[in-house]
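The numbers here are math on the coordinates, done by the rules we state, and not lab data. Predicted model, so just to flag it, every value in this text is computed and none were measured. Positions of Cβ are backbone-derived with ideal geometry, glycine not excepted, and every protein chain shown enters the neighbour counts.
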Amino acid sequence: MKIGIVGLGLIGGSLGLALRSHGHTVLGVSRQAQTCQRAIARGAVDDASLSLALMATVDVVFLCTPVAAMQATVVALKPHLVPETVLTDVGSVKGWVVKTITPLWSNFVGGHPMAGTADSGIEAAQPDLFVNAAYVLTPTEATPIAAVQRIEDLVRPLQTRLYHCTPEDHDRAVAWISHLPVMISASLIAACREETDPAVLALAQKLASSGFRDTSRVGGGNPELGAMMAQYNQAALTRSLHAYRDQLNKVITHVEHADWRSLTVLLEQTQQARSEFLREGGGSEAVTE
Ligand code: NAP
């Protein structure tokens with residue numbers, strides 16, 4: 001197939017590398033000439049341009065820009081596409097994207113590959129980024145079935161685990177497992193920095209090991225991506241943050257009242273729940289509604 005990618009960064013570049021390795025022709029558009037040159041040099045695209053006119057002959061376009069740029073990108077892209085062109089996106093939120101893009105292009109399928117790294121830009125792109133990763137499609141009743149099938153046919157061979165859900169369920173689910181962890185992890189880093197004794201703070205930094213490295217990792221990532229999650233998934237994230245604060249209040253009460261029994265029960269429950277939670281994911285390919 002002839003594939004177009006708009007936005008040649010971590011996700012767009014990785015998709016290009018993966019799709020080309022499966023025999024597809026990939027054409028890319030990005031804002032900077034340097035990004036286009038690097039995408040060609042890295043083998044992420046067969047050709048690249050600053051002009052969306054390059055998308056005129058492709059069968060499928062993957063929108064891989066930041067979420068905030070997607071609406072304006074589709075408005076600018078429309079005059080270059082034929083009605084048969086299937087449009088999909090990779091944005092980390094789906095409610096806003098699907099609501100905004102569907103009226104602009106009916107042959108549109110919302111999508112979200114659940115894979116990433118702490119790095120961004122074309123240099124961070126990896127051909128195997130999506131191997132074993134969940135790939136969520138969020139078709140609505142208005143989405144043409146043939147368009148959904150076309151995207152599935154492209155991403156399934158990349159060894160992704162395909163899921164279907166509504167845009168709203170997607171946003172509530174990722175609020176729990178992606179957006180809330182970023183806010184908690186960022187809050188952990190900010191709280192540690194509130195230690196008032198500089199000697200204790202310096203000691204804590206020296207002693208910090210794998211536990212702190214793990215729990216602070218997602219809070220130390222791309223600030224623009226974190227702010228985008230909050231802005232475009234505000235309702236679901238607010239709901240999850242309140243639930244988290246209620247949970248934290250329970251822990252504070254147990255500790256302040258030296259209620260070690262209740263604290264132990266809670267930690268026993270979470271120990272068991274964690275393995276159950278993670279066992280549910282990572283299985284074989286599944287398409288669920
Ligand atoms: P990224 O590495 O920063 O890449 C985005 C690229 O898009 C930039 O390199 C930029 O290239 C280009 N770009 C920006 N604005 C553009 C515009 N208006 N028109 C054309 N190109 C534009 O970001 P990313 O991590 O790949 O994220 C891209 C999308 O994937 C986002 O929607 C994000 O929500 C989603 N996503 C991210 C992750 C993750 O973990 N990072 C995971 C899943 C999904 P130039 O140098 O040319 O400006």
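Given a cut-off of under 8 Å on Cα pairs at least six residues apart, what relative contact order in percent is computed for the chain?
Computed value for the chain: 16 percent relative contact order.
To the nearest 20 debye, what charge dipole does the chain have about its Cα centre, counting +1 at the Cβ of each Lys and Arg and -1 at the Cβ of each Asp and Glu?
Roughly 340 debye, rounded to the nearest 20.
Return the whole-Å distance between the Cα centroid of region 249-272 and the Cα centroid of region 95-157.
So the separation of the two Cα centres works out to 40 Å.
Over the chain, with a Gaussian network built from C-alpha contacts below 10 Å, which listed residue (Ala118, Ala72, Ala204) shows the highest mean-square fluctuation?
Comparing Ala118, Ala72, Ala204 in a Gaussian network model of the chain, the most mobile one is Ala204.
I want the local charge near Gly220. Using Cβ-Cβ distances under 15 Å, sum +1 for each Lys or Arg and -1 for each Asp or Glu among the other residues.
Neighbourhood net charge equals 0.
Where in the chain are the DSSP H helices whose alpha-carbon span along the long axis reaches 20 Å or more and whose Kyte-Doolittle mean is at least -1.0?
For the chain, where a helix must reach 20 Å along its axis and average at least -1.0, the hits are 234-256, 260-280.
Give the span of the chain's Cα atoms along each principal axis, as three whole-Å numbers ordered largest to smallest.
Sorted from largest, the Cα extents of the chain read 67, 42, 32 Å.
Calculate for the chain the 222 nm mean residue ellipticity that helices alone would give, adding -39,500 (n - 2.57) per DSSP H run of length 4 or more and normalising by residue count, nearest 500 deg cm²/dmol.
When only DSSP H runs of four or more count, the value is -15000 deg cm²/dmol.
Taking amide H atoms as placed 1.01 Å from N in the peptide plane, list the residues 5 or more away in sequence, or in a different chain, whose amide H sits under 5 Å from that of Ala134.
Met114, Arg161
Please report, to two decimal places, log10 I(q)/I(0) for region 1-65 at q = 0.16, 0.18, 0.20, 0.22 Å⁻¹ as given by the Debye formula with identical point scatterers on the Cα atoms and no solvent.
Rounded to two decimals, the profile gives -0.37, -0.48, -0.60, -0.74.
5 Å is the cut-off here: which amide hydrogens, built 1.01 Å from N in the peptide plane, fall below it relative to Val61, excluding neighbours closer than 5 in sequence?
Gly4, Val86, Leu87, Thr88
Under 15 Å between alpha carbons, and skipping anything fewer than 8 positions from Lys78 in its own chain: which aspartates and glutamates qualify?
Leaving aside aspartates and glutamates fewer than 8 places away in the same chain, those within reach of Lys78 are Asp59, Asp89.
Among residues other than Gly111 whose Cβ falls under 14 Å from its Cβ, what is the net charge (Lys/Arg +1, Asp/Glu -1)?
Charge balance near Gly111 sits at 0.
First measure r as the distance between the Cβ atoms of Asn222 and Glu84, then evaluate 1/(1 + (r/R0)^6) with R0 = 45 Å and state the FRET efficiency to the nearest 0.05.
Efficiency, from the Cβ-Cβ distance: 0.80.
Given a Förster distance of 30 Å, report the FRET efficiency between Lys250 and Cys192 from their Cβ-Cβ distance, rounded to the nearest 0.05.
Once the sixth-power term is evaluated, E becomes 0.85.
Within a Cβ distance under 14 Å of Thr253, other residues only, what is the Lys/Arg minus Asp/Glu net charge?
Net charge around Thr253: 0.
Give a quick list of GluC sites (Glu not before Pro) in region 89-157 that DSSP marks as loop, anything other than H, G, I, E or B, with at most 13 other Cβ atoms within 10 Å.
For GluC sites (Glu not before Pro) across region 89-157 that sit outside H, G, I, E and B with at most 13 neighbouring Cβ atoms in 10 Å, the list reads Glu141.
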